[in-house]
Amino acid sequence: MSEKPKAPRWTLWLPLALFAGFVVLVVGGLVRPKNNDIASQMIGKPLPAFSLPAGSDSRPALDAAHFKGGKPRLLNIFASWCIPCRAEAPVLEELRRAGVEIDGIAIRDRREDLAAFLGQYGNPYARIGVDDVSRVQLAIGSSGVPETFVIDAQGTIRYQHIGDIRPDQIPMILDKLKEAGQ
Amino acid sequence: MIRRLSLTLALAGLVLAPALRADDSMPPAPWAYRQLPDAAQEAKAKALMETLRCLVCQSQSIADSDASIAGDMRSQVRERIAAGEDPEAIRAWLIQRYGDYVSYEPRVTSLTWPLFAAPLVLLALAALLLRKRFTGKGDGA
């Protein structure tokens, strides 16, 4: 029995060390706040070409070419059926009053629902395109509504905001637009 | 009686739940729930859809999900396959937009290589620790 090969002393602690490492991983995963946001990988890339039909009688249709030239603009992905978009509408209106040009893409939306939404919550958009099969949404790497992209005058995507823009985030969005204009 | 009542309530909940959810009322995209007429193309599309991750119902593939964005993705996958596009090109197109997140197909990257290296390292470690037992005088086992 005594001639049984002996493992080095440190190996005695190996299982405990592995277990401790495992505990650290699990606790770390539990403690870290959950984040389901999927960031678009299209930041810094040109806005893909698209041409969407108009979603409203009072606003022209939306074409990717509209983003070239002029100043940086916001591209807001929204829908009348999206609850946070209702909360976001007054914030977008405030941005519009601050001189920001906002174009909208309504995702999977019926024209009559859209008209009712714009009538009830306001229409801060310069142009509105309708994306009935989420084609443009997929092309720009957006995974939900609402999302807002900053597009610079060269038509490059500069920033993605996931979720509704809160009133206290207005200065941040204005900063992003200013950055995109430099 | 009580059991039947609770069952009825549960079923009513299932029926009413979608009405309470914020979701669109548009019909599904053309190829969201329709198979391609060409069986070989449909098989290719199906194989790809099963390895693409739904963006809103994060633990399902787009083949399994009834979310409308998953339907739109399926429709686009089928359209592109029907147009002759290679499934891996479609996957690459999506990864370019959503990152590795969108694909269930594991890739070796600077972030994931430890997953592939770990089994080899563990095997080597085990061999190192147990080598005496294997090369012992025969009475150790």
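Using only the Cα atoms, what convex hull volume per residue in Å³ does the stretch B:69-118 have?
Roughly 80 Å³ of hull volume per residue.
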### Summary
Rounded to a whole %, the carbon-and-sulfur portion of the accessible area of the stretch A:30-182 at a 1.4 Å probe is 51
### Message
With N set to the number of residues, divide the alpha-carbon radius of gyration of the stretch A:51-180 by 2.2 N^0.38 Å and report two decimals.
### Response
0.94
### Task
Skip the ligands, DNA and RNA, and give the accessible area per residue of the protein assembly as shown with a 1.4 Å probe, whole Å².
59
### Query
How crowded by other chains is A:131-137, given as the mean number of beta carbons from other chains within 10 Å of each beta carbon?
6
### Summary
Projecting the Cα atoms of A:GLN154, A:GLY122, A:ILE102 onto the charge dipole of the stretch A:51-180, where Lys and Arg contribute +1 and Asp and Glu -1 at Cβ, the residue farthest towards the positive end is A:GLN154
### Query
What is the stretch A:51-180's relative contact order, in percent, from Cα pairs under 8 angstrom and six or more apart in sequence?
34
#### Entry: Cut-off 11 Å between beta-carbons: net charge of the residues surrounding A:GLU101, Lys and Arg +1, Asp and Glu -1
+3
### Task
Among the listed pairs A:LYS71/A:LYS176; A:LYS34/B:LYS44; A:LYS45/B:LYS44; A:LYS68/A:LYS178, give every one whose C-alpha distance is greater than 24 Å.
A:LYS34/B:LYS44; A:LYS45/B:LYS44
### Query
Ranked from highest to lowest mean number of other Cβ atoms within 10 Å per residue, what is the order of the peptides A:30-37, B:59-66, A:144-151, A:60-67?
A:144-151, A:60-67, B:59-66, A:30-37
### Query
What does the average come to when, for each residue of peptide A:110-117, you count the partner chain Cβ atoms lying within 10 Å of its Cβ?
1
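For the stretch B:40-81, which GluC sites (Glu not before Pro) pass both filters: DSSP loop (anything but H, G, I, E, B) and at most 14 other C-beta atoms within 10 Å? Intermediate values should be presented prior to the final figure.
Numbers: sites: B:GLU42, B:GLU50, B:GLU79; in loops: B:GLU50.
Passing sites in the stretch B:40-81 are B:GLU50.
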### Task
Any chance you could get the radius of gyration and Dmax over the Cα atoms of the protein assembly as shown, in Å?
26.6, 93
### Query
Counting only other chains, what is the mean number of Cβ atoms within 10 angstrom of the Cβ of each residue in peptide B:60-73?
2
## Note on the structure
Neighbours of A:GLY70 by Cβ distance under 13 Å: Lys/Arg at +1, Asp/Glu at -1, summed charge +1
#### Entry: Summed residue charge, Cβ within 11 Å of A:LYS45's Cβ, Lys/Arg positive, Asp/Glu negative
+2
### Task
For the stretch A:37-102, take the alpha-carbon Rg, divide it by the Kirkwood Rh, and send me Rg/Rh.
0.96
### Task
Give, rounded to the nearest 20 debye, the magnitude of the charge dipole that the protein assembly as shown has about its Cα centre when Lys and Arg contribute +1 at Cβ and Asp and Glu contribute -1 at Cβ.
1440
### Task
Could you tell me which of A:PRO84, A:ALA64, A:GLY163 has its Cα farthest along the dipole of the stretch A:51-180 towards the positive end, charges placed at Cβ (Lys, Arg +1; Asp, Glu -1), taken about the Cα centre?
A:ALA64
### Query
Say the dipole of the stretch B:80-134 comes from +1 at the beta carbon of Lys and Arg and -1 at that of Asp and Glu; which of B:ALA92, B:LEU130, B:SER103 then lies farthest toward its positive end?
B:LEU130
### Message
If I model a spin label at B:THR112 and B:TRP93 as a point 7 Å from the Cα along the Cα→Cβ vector, what separation in nanometres do I get?
### Response
2.1
### Task
Taking H placed 1.01 Å from N in the peptide plane, check which residues at least 5 places from B:CYS54 or on another chain put their amide H under 5 Å from its amide H.
B:GLN60, B:SER61, B:ILE62
### Message
Please give the charge dipole size of chain A, origin at the Cα centre, charges +1 on K and R Cβ atoms and -1 on D and E Cβ atoms. Round to the nearest 20 debye.
### Response
740
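The values are calculated or read from the model by the stated rules, or taken from the named source; none is laboratory data. Remember, predicted model here, so these are calculated numbers, not experimental data. Cβ atoms come from the backbone with ideal geometry, glycine included; neighbour counts cover every protein chain shown. Only protein heavy atoms, including side chains, enter the accessible area calculation; ligands, DNA and RNA are left aside. Shrake-Rupley method; radii C 1.70, N 1.55, O 1.52, S 1.80 Å.
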